[in-house]
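Have a look at the structure below before the remarks.
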Amino acid sequence: MAFMPAIELRPILVIARKEFWDRLRNRWVLAIAAIFTVFALVIAYFGAAQGGAVGFQNMDVTIVSLVSLVIYIVPLIALILGYDAVVGEGERGTLDLLLSQPLTRLELLLGKYCGLAGALAVSTVAGFGLVGILLSHGIGLPALARYGTFVMSTLLLGCAFLSLAVLVSVIASNRVVASGLAIALWFLFVLVYDLVLLGLLVATSGRKFAGVFPLLLLLNPADIFRILNVYAMEEVRALYGLATVMPDQLARPWLLCTAMLAWILVPLAAAYRLFRKP
């Protein structure tokens, strides 16, 4: 019980509200929403251009194209949004002032995270939600449900990388180090991780890593997001190669969502464990 002190909701809400409105005032939320809206509209309209057609053609094709966009942009935005959440307060000299108030370190950390997650959620829902409204004419409820699932999984992906950003902010000694670690995490999970796995798979002809390869995919939130959105589409799944490496029992939505929640909670717990030490 010593690890988890009593939590009061009011201090968390006060810190979260401040973080959220700070991001709103410096136009972070508006900028991210605009980026999501523009890119999603362009992809939805021109996604089938290679086939000689423009305009909205198919929700599955649109989602697959958006998945590729989200995997690159959302983790980067989340890491940039949260890398200085704690270390930035320390450099500005306001961290000691905050900790002198009637709130615990856990409440401060949760308030910071909730405010940043709220800003990220509002911008994501506003950006992709507007596109969903524009695409909703005549596509039917099943297609809209798939699009809504995509937006929710995008939120989970952003929150997972935001947790990693908060952990980096606790570990780093200054903002320069924190920004470097954040960019390194983006390269690791978005660019390097899958290349290393594929290299090992090819180098061993799949003999040694075929059994554990699906489990290794779950150690990357970007891969979890990709599988969650692509595996249910049989034709697209074959193109991605997931049909041959991901068994059905590991591709169940509830299991993938649980793994993504673990990516949100575990880095936050690690951040608190380090942050609670003065």
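The values are calculated or read from the model by the stated rules, or taken from the named source; none is laboratory data. Bear in mind that the values here come from a model prediction, so they are computed numbers and not experimental data. All Cβ positions, even for glycine, are placed from backbone atoms using ideal geometry, and neighbour counts span all protein chains on display.
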| field | Condition check for ARG92: touching a residue at least 24 places away in the same chain (Cβ under 8 Å) and among the charged types (D, E, K, R) | value | no
| field | Of residues in the stretch 143-191 being farther than 20 Å from ALA119 by Cα and of a type in the set (Gly, Ala, Ser), the one nearest to the chain's Cα centre (by Cα) | value | ALA184
| message | Which condition from (1) of a type outside the set (A, V, I, L, M); (2) modelled with pLDDT under 80; (3) within 26 Å of ALA165 (Cα to Cα); (4) crowded, with 19+ Cβ neighbours inside 10 Å is the one that ARG23 breaks? | response | (2)
| note | Taking the stretch 95-137 and keeping only residues that are free of Cβ contacts under 8 Å to residues at least 24 places away in the same chain and under 23 Å from VAL230 (Cα atoms), one is left with GLY129, GLY132, ILE133, SER136
| task | Would you mention how many residues in the stretch 258-278 are at pLDDT 90 or above and not hydrophobic (A, V, I, L, M, F, W, C)? | result | 4
| query | Got a sec? Which helices (runs of 4 or more DSSP H) wholly within the stretch 161-227 have at least 1 residues that are modelled with pLDDT of 95 or more? | reply | 175-186
| said: I'd like the full set of residues that are among the hydrophobic types (A, V, I, L, M, F, W, C), in contact (Cβ under 8 Å) with a residue 24 or more places away in the chain, part of a helix (DSSP H, G or I) and over 30 Å from LEU99 (Cα atoms), limited to the stretch 251-278. | reply: LEU256, CYS257, ALA259, MET260
| message | If a residue must be at pLDDT 65 or above and closer than 22 Å to VAL151 by Cβ, how many such residues does the stretch 234-257 contain? | response | 7
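Condition (residue is modelled with pLDDT of 95 or more, in a helix (DSSP H, G or I) and either out of contact with any Asp or Glu (no Cβ under 6 Å at 6 or more places or on another chain) or not acidic (Asp, Glu) (or both)) applied to the stretch 85-106: is it met by at least one residue? I'd like the intermediate steps shown before the answer.
Step one: filter the stretch 85-106 for residues modelled with pLDDT of 95 or more, giving none.
No, the stretch 85-106 contains no residue that is modelled with pLDDT of 95 or more, in a helix (DSSP H, G or I) and either out of contact with any Asp or Glu (no Cβ under 6 Å at 6 or more places or on another chain) or not acidic (Asp, Glu) (or both).
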